Amino acid sequence: MVTGDPPPVERREHRRDLGAGLQTASPASTIRTSAGQGFPDPARWRLQLSSARVEYRSMNRVPVILHHGLFGYDAVQVGRFRWAYFQGIDRALRKAGHPLVVTRVHPCGGIARRAQELKNAIEAGLAQLNGDGRGKVIILGHSMGGLDARYLITKLGMADRVAALLTVTTPHRGSPYADWCVRHLGKRLGGFELMDLLGLDVAGVRDLTTDACAKFNETVPDAPGVAYFSVSAAREWPRVAPFILHSHRVISDLEGENDGLVSVKSAVWGQHLCTWRADHFHTINKRYAIELRNRTGNIAPYYVKAVNDVIGAIQSTPAPTTTA
């Protein structure tokens, strides 16, 4: 069932006292880091892409890692114009008092590559945030970013650093549309051969197929001690962005409700908080479809509520369960 307003999280699982394990940011004004460089001179027109950006205010909270999906980025800034992947969401979380690390990894590399780059970005961001780069965090992974985070936690020795993972419309069981793209665009039309010829890494597309994700789930189990939460999304056809009408139909025929790229069935992992009424791009505040009725509007408040629900759950409910 699609819910317009996320319901309160059930708190019958994940009880644990994280008071001693969560290292919070010290009071400070907003800070942004960009691979050792500051923001460009506002008087100049310059494109800025950073591997990690740290943002926090003076409230003592557990740091939240915002991690993008396939073909993602952190933010593009030209003069005073700023276009963020998590458009308006980063600012809403910061305004709510959550210390942030916004990451940037290879846009279309494979999960293993992106996970290693994610680890590096987290460590660099936390070093800026609390001085020593230690302390537990909450990772919020959008789309493929959730798979990167699961690999990071289980395979890269980060389980003791992560209090919880919240995935938003992540294809945990793969996407039938990735299957379609690999079959028709990658193999039949020779797309992968062309990418190899050009030296472009597009392994991320292959990693999102249903077969690849089935193998991923067998080899990357949930880590004990880490709480896993998920949010799915769905929007009726044709009330999605025009350029994902075809993918919506492909997924709908095979897996039912979906957001145009990921089905609800695939997005559910760990404790499922709710299903947002939005297409895949709307879940990061990129609104390409007109909402005439059953409006969702700005998605940022949904993120704030989800993060607050996760924090409340891990601080007051029993030990985390894992998803097979």
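The values are calculated or read from the model by the stated rules, or taken from the named source; none is laboratory data. Bear in mind that the values here come from a model prediction, so they are computed numbers and not experimental data. Ideal geometry is used to build each Cβ from the backbone, glycine not excepted, and the neighbour counts take in all protein chains shown.
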Any residue that is closer than 17 Å to TRP269 by Cβ, out of contact with any helix residue (DSSP H, G or I) (no Cβ under 8 Å at 6 or more places or on another chain), at pLDDT 80 or above and outside any strand (DSSP E or B) - is there at least one of those in the stretch 152-162?
yes
From the options LEU261, LEU208, residue that is touching a residue at least 12 places away in the same chain (Cβ under 8 Å) and touching a Pro at 6+ places or on another chain (Cβ under 6 Å):
LEU208
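Do we find that GLY297 is within 29 Å of ALA92 (Cβ to Cβ) and free of Cβ contacts under 8 Å to residues at least 12 places away in the same chain in this structure?
Details: within 29 Å of ALA92 (Cβ to Cβ): yes; free of Cβ contacts under 8 Å to residues at least 12 places away in the same chain: yes.
It is true that GLY297 is within 29 Å of ALA92 (Cβ to Cβ) and free of Cβ contacts under 8 Å to residues at least 12 places away in the same chain.
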For the stretch 85-104, which residues satisfy the criterion of being more than 17 Å from ALA121 (Cβ to Cβ) and of a type in the set (Lys, Arg)?
ARG91, ARG94, LYS95
Any idea how many residues of the stretch 101-151 are under 19 Å from VAL62 (Cα atoms), of a type in the set (A, V, I, L, M, F, W, C) and either in contact with a helix residue (DSSP H, G or I) (Cβ under 9 Å, 6 or more places away or on another chain) or part of a loop (DSSP other than H, G, I, E, B) (or both)?
10
